[in-house]
Amino acid sequence: MIHLGLIGYPLGHSLSPKLHNAALGHCDLHGEYSLFPIEPDDLQGLKGLLERVRSGEVTGLNVTIPHKQNVIPFLDQLTETAEAIGAVNTIYRRNDILLGDNTDAPGFLADLDRFLATGPQRHGDTLNRNALILGAGGSARAVVYALLNGGWEVTIAARRIEQAQHLVDLFTNYGLQIADFTRTNIELANITLVVNTTPIGMAPDIDQSPWPENCPIPAQAAIYDLVYNPFETKFVKDARAQGLSAITGRGMLIEQAALAFELWTGRQVSRKIMSSAMEAF
């Protein structure tokens, strides 16, 4: 039996069980996908769960906030992508080696490219590639990595400037910029993409937005909010009210989940199957 699951805290909002259980059923695989809520400081709980993967009791795990970096010391090896990003969202075993990978980056880029090519504003290849990233945590690392490899200029705006600086240092050869909404006037005229990588606006706090009040959203920007629950976040609603193209991270969730599922099982699953499972939510 295949045992899969998600590490994070809190996990009440997660749609991952619906996606992966649908994938297991579609591929005629006997298994289950469970939630493993582990509090931020519970490193022993984290270590114990990863030992279950090492022993083969658990086949593979996804990792979300706040453990994308916390799991690294307990792993034997990181893939090239996870190493470059410095964060893990997928864990599996190969030849008795516990591996950490990151499918967030390719999952995000695949969905972003589709969004920019088919969205109402059809930015496509004419897009001036200047992105503003809100947040500097584990998800931001994957997004920044994907954008830099996609030829984007990237600016980081985070409440914790030291965390943003650490992200800049991680990609020191790319010339990332740091902006602070509370201390400086961010030059928004050239921003064509805003990506929220923070959990602000996630259920149950659906009346919150990561975008600061009294600051206009760039008029020419596409908005990508990694939060996928609720279906339409306040940030996305506000952007659409201004006539901007805006989506949540549901497409990215499906893409990264499908990539992780293939790593665990060796089986490819249709994105439509996962999408249908999500739409039933």
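We did not get these values from a lab; they are worked out from the coordinates using the rules stated. What you see is a predicted model; the values in this text were computed from it and never measured. Heads up, the Cβs are rebuilt from the backbone with ideal geometry, glycines too, and the neighbour counts pull from every protein chain shown.
Normalising the average separation of contacting C-alpha pairs (under 8 angstrom, six or more residues apart) by the number of residues puts the relative contact order of the chain at 17 percent.
Take the alpha carbon atoms of segment 200-215, find their center, do the same for segment 100-118, and report the distance between the two centers in whole angstrom. After rounding, the separation between the Cα centres reads 23 Å. Reported to the nearest whole Å, the Cα centre-to-centre distance from segment 11-51 to segment 134-184 is 29. Helix-only arithmetic for the chain: the sum of -39500 (n - 2.57) across DSSP H runs with n ≥ 4, divided by the residue total, places the mean residue ellipticity at 222 nm at -10500 deg cm²/dmol. Dipole check for segment 204-268: with +1 at the C-beta of Lys and Arg, -1 at the C-beta of Asp and Glu, and the Cα centre as origin, the magnitude is about 180 Debye. With the cut-off at under 13 Å, measuring from each backbone N in segment 245-281 to a point 7 Å along the Cα-to-Cβ line of His26 picks out 254-262, 267-280. About its Cα centre, the dipole of the chain is roughly 400 debye, where the only charges are +1 on Lys and Arg Cβ and -1 on Asp and Glu Cβ.
Computed over Cα pairs, the Kirkwood radius of segment 106-251 leads via Stokes-Einstein (1.306 mPa s, 10 °C) to a diffusion coefficient of 105 µm² per second. The charge dipole of segment 170-250, taken about its Cα centre with unit charges on the Cβ atoms of Lys, Arg (+1), Asp and Glu (-1) only, comes to about 160 debye.
Each residue of segment 253-262 is assigned a 3J(HN,Hα), and the resulting list reads 4, 5, 4, 5, 5, 5, 5, 5, 4, 5 Hz, derived from the Karplus form 6.51 cos²θ - 1.76 cosθ + 1.60 (θ = phi - 60°), x at Gly and Pro. Phi angles across segment 158-169 convert, under the Karplus curve 6.51 cos²θ - 1.76 cosθ + 1.60 with θ = phi - 60°, into 3J(HN,Hα) values of 9, 5, 9, 4, 5, 5, 5, 5, 4, 5, 4, 5 Hz, Gly and Pro given as x.
Taking Lys and Arg as +1 and Asp and Glu as -1, the other residues whose beta-carbon sits under 13 Å from that of Asn102 total -3.
Think of segment 106-251 as a dipole: +1 on every Lys or Arg Cβ, -1 on every Asp or Glu Cβ, centred on the Cα centre; then among Gly175, Leu193, Ala117, Ala117 lies furthest on the positive end. The residues packed around Leu226, meaning those with a beta-carbon under 11 Å from its beta-carbon, carry a net charge of -2 if Lys and Arg are +1 and Asp and Glu are -1. Farthest towards the positive end of the charge dipole of the chain, among the residues Tyr228, His3, Val143, is the Cα of Tyr228, using unit charges on the Cβ of Lys, Arg, Asp and Glu.
Checking [x] 0.94; [y] 0.96; [z] 1.20 against the coordinates, the calculated Rg/Rh (Cα atoms, Kirkwood Rh) falls under label [y]. Less than 5 angstrom separates the built amide H of Asp180 from none of the residues sequence-distant by 5 or more or on a different chain.
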